[in-house]
Amino acid sequence: MKITLNQRQARMLSVLPQTSAYFESQQQQAYLVGGSVRDLLHQQPCKDWDIVSTGDAHQLARKLANHLDAYYAQMNEKASRITLKPAEEELILDIAPLHGTAIEADLQERDFTINAIAIPLPNLVAHLTSGTELQLLDPLHGVDDLHTKTLRATGDAVFQRDPLRLLRAIRFMTTLQFSIEPQTAEMLTRDANLLPQTASERIREEFYTILKPDGAASRLHYMDKHGLFTALIPEFIPARGMPQPSLHNWDVLEHSIETVAALEKLSQALDGPPEKLRESRLNHNQTDDIITLQALLKEAEEQHLYSREALTSPPMKLAALLHDIGKTTTYAVDNEGHIHFYHHPQAGVPLARQIMHRLGASNAESRLVQQVVAHHMRPGQLSGTEITQRAIRRYFVDLGPVGINVALVSLADHLAMRGPQDLTEAWQRHLSTVVLLLTRYIRERDRILPPRVITPQELIHRLNLKPGPIIGQLLEMLSEAQAEGIIHSKEDALWFASEKLNELKKEAP
């Protein structure tokens, strides 16, 4: 077997010999291990070069950083990171101590066989520079698993030693497109309940990596099959088998996962050529509303109100996944046997906040998910009514540009509701409503959300008011009146506010 470095990795041809010579000068053994060896053998770009060594890893790494004129950082109590100053791009060496007394013992402690391969650093240098035969240390036959694209645990206690490896297995299945062999899959199910023992920050990083590529729903289904999904988000336990009204194709849990798939498919369709979009099932009755939506989103992107990438980012996929989480606490059946989930968007907000907090999400990510959960029903509900300028204005006052993504999730929700069944006139009404909402916001924003003609401070001063809730009420009334063309100036606003103030005083007990 021969390893060749691509052009982006060629800089390591000067760094590796210096690194190997340094460890030899310190009379310490050093090995390239883990993901670095896996990626090199699998002809994949090697980002971080993982090295284990005998001796004091921190001290060795600090001196090596000085020797290479590089930056040093201690990653944790065991490992250190060396970052070489960029020539064209950053290069990273991660230095860790050898586990056990020999490299074979170190490899036995690793997670999967494909990561349990090592190469003595001097041999790697000789192989790359002069073609010396590669000396692979592969006690668990990881090379064979690399060739067959098989993910296999190194031992029975792999997930018990570090439960995060449960998610790493799904991540490797995702990023490497490997199959998890049956015994390892059984271990996933057996040890799934250990996952909550892992720090939230580590879980979030792995889970986001799982969610990011297309096909996230299939991986969520796989996680659910092996008990990992509800171990990670136990709030979904009541959703399994929870029936929905007849228009729905799936139960609450399946529908939630399928909404992620629908969001991806909607995004892919909207990114495609208009000709293909026009012929798709999304263009119900050939009205071309879906083509108009595509054009609106392009304009929104040019105005920096919307991002195609952000629509299918991990936080947005989480928002789609959690949009109906409130149904788990609001399920009810009336006397006629009809299923209801009254106020489930509002009930879902604290659950979504709880889940995002447990995942260690940022405040911005958590806020985004809560907004989608709270408002995902609004576009669909508006489609059954005469849509007023006031309703449109209120929608975007509440949500701003996030309202675009909320509207798109609402469409994904509708598609997931129907599943493989044909779309109906309800889809056309829903889509037309979303097009109207976005048209007003993207093309006529100054009309529905005009800048205030009077500030809160001016209102307080001119009407001799005291700060309090009444000011917010008056400002909201003024904004609506301004959007409807009733007031046009500061004097109009003062007159209107005075009238409304008198009405409010009369209504007061």
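Between residue 288 and residue 446, the C-beta separation translates, for a Förster distance of 22 Å, into a calculated FRET efficiency of about 0.25.
Quote the FRET efficiency, to the nearest 0.05, computed for residue 476 versus residue 205 with a Förster distance R0 of 41 Å and r equal to the Cβ-Cβ distance. That gives a FRET efficiency of 0.50. For residue 180, the residues whose modelled amide H falls within less than 5 Å of its own, excluding neighbours fewer than 5 places apart on the same chain, are 151.
What does the charge count around residue 170 come to, taking other residues whose C-beta lies under 9 Å from its C-beta (Lys +1, Arg +1, Asp -1, Glu -1)?
Numbers: positive: 168, 171, 219; negative: 206.
Net charge in that neighbourhood comes out at +2.
Here region 1-130 has an Rg and Dmax of 13.6, 38 Å, counting Cα atoms alone. On a 0 to 90° scale, report how tilted helix 490-507 is relative to the longest principal axis of the chain, with both axes built from alpha carbons and the result rounded to the nearest 10. Long axis of 490-507 versus the principal axis of the chain: about 80 degrees.
Could you work out the local net charge near residue 75, counting Lys and Arg as +1, Asp and Glu as -1, over the other residues with Cβ closer than 12 Å to its Cβ?
It works out to a net charge of -2.
Region 354-421 gives an Rg/Rh value of 1.04, both radii derived from C-alpha positions and Rh following Kirkwood.
Loop-resident GluC sites (Glu not before Pro) (DSSP state other than H, G, I, E or B) in region 218-327 with no more than 16 further Cβ atoms inside 10 Å of their Cβ: 279. With the helix formula -39500 (n - 2.57) applied to DSSP H stretches of n ≥ 4, the chain reaches a computed 222 nm mean residue ellipticity of -17000 deg cm²/dmol. Note on residue 162 and residue 129: the model spin-label points, each 7 Å out from Cα along the C-beta direction, lie 3.1 nm apart.
Could you pull out the pairs from 149/225; 149/265; 85/149 whose alpha carbons sit more than 31 Å apart here? Display every interim value, and only then the final one.
Numbers: 149/225 21 Å; 149/265 27 Å; 85/149 35 Å.
The pairs that break the limit, which is 31 Å between Cα atoms, are 85/149.
Between residue 357 and residue 48, how high is the FRET efficiency from 1/(1 + (r/R0)^6) when r is the Cβ-Cβ distance and R₀ = 25 Å? Nearest 0.05. Working shown, then result.
Numbers: r = 30 Å, r/R0 = 1.20.
It comes to 0.25.
Comparing the chain with the 2.2 N^0.38 Å rule of thumb, its C-alpha radius of gyration ratio is 1.24 (two decimals). Inverting the pair-averaged 1/r between distinct Cα atoms of region 389-456 gives 13.3 Å as its Kirkwood hydrodynamic radius.
Split the accessible area of region 232-298 by element, probe 1.4 Å, and carbon with sulfur accounts for 56%. Stretching the chain fully between residue 109 and residue 176 yields a gain of 22.0 nm (0.36 nm per residue, less the alpha carbon separation).
So what does log10 I(q)/I(0) come out to for region 80-138 at q = 0.15, 0.27 Å⁻¹, using the Debye formula with one equal point on every Cα and no solvent? Cα-only, vacuum Debye calculation for region 80-138: -0.63, -1.07.
For region 308-362, build the convex hull from the C-alpha positions and give me its volume per residue in Å³. The partial results should precede the final answer.
Working: hull volume 4.7 nm³, N = 55.
Convex hull volume per residue, Cα atoms: 86 Å³.
Using a simple spin-label model with pseudo-atoms 7 Å out from Cα toward Cβ, residue 461 and residue 339 lie 5.9 nm apart.
For region 354-509, the normalised intensity computed at q = 0.11, 0.17, 0.20 Å⁻¹ comes to -0.59, -1.03, -1.16 (log10 of I(q)/I(0), Debye sum over alpha carbons, equal scatterers, no solvent).
Would you kindly state how much longer the chain becomes between residue 484 and residue 303 on full extension, computed as 0.36 nm times their sequence separation minus their alpha carbon distance, in nm to one decimal? List each step's numbers first, then the result.
Values: separation 181, 0.36 × 181 = 65.16 nm, distance 2.45 nm.
Length gained, residue 484 through residue 303: 62.7 nm.
Region 275-415 has equivalent-ellipsoid semi-axes of 26, 21, 15 Å, by the square roots of 5 times the alpha carbon gyration tensor eigenvalues, sorted largest first. Approximating the spin labels as points 7 Å out from Cα along Cα→Cβ, the residue 364-to-residue 77 distance works out to 3.4 nm. When the accessible area of region 58-106 is split by element with a 1.4 Å probe, what percent falls to carbon and sulfur? Reported share for carbon and sulfur atoms: 47 percent. Computed with every protein chain present, the accessible area of residue 495 is close to 150 Å² [probe 1.4 Å]. What do you get for the angle between helix 425-443 and the principal long axis of the chain? Use alpha-carbon atoms, 0 to 90 degrees, nearest ten. Its long axis makes an angle of about 90 degrees.
Give me the percent of Cα-Cα pairs in region 190-320 that sit more than 17 Å apart, rounded to a whole number.
On the way: 5671 of 8515 pairs.
Result for the distance tail: 67 percent.
Here region 358-503 exposes an accessible surface that is 52 percent carbon and sulfur, computed with a 1.4 Å probe and the other protein chains kept in place. In this structure the chain gives 47 Å² per residue of accessible area when probed at 1.4 Å with all protein chains present. For the pair residue 10 and residue 250 in one chain, pulling the backbone fully straight at 0.36 nm per residue adds 81.2 nm over the alpha carbon distance.
The values are calculated or read from the model by the stated rules, or taken from the named source; none is laboratory data. Values in this document were obtained by computation on a predicted structure and should not be read as measured data. Cβ atoms come from the backbone with ideal geometry, glycine included; neighbour counts cover every protein chain shown. Accessible surface is based on the protein model in full, side chains and every heavy atom, while ligands, DNA and RNA are left aside. Shrake-Rupley method; radii C 1.70, N 1.55, O 1.52, S 1.80 Å.
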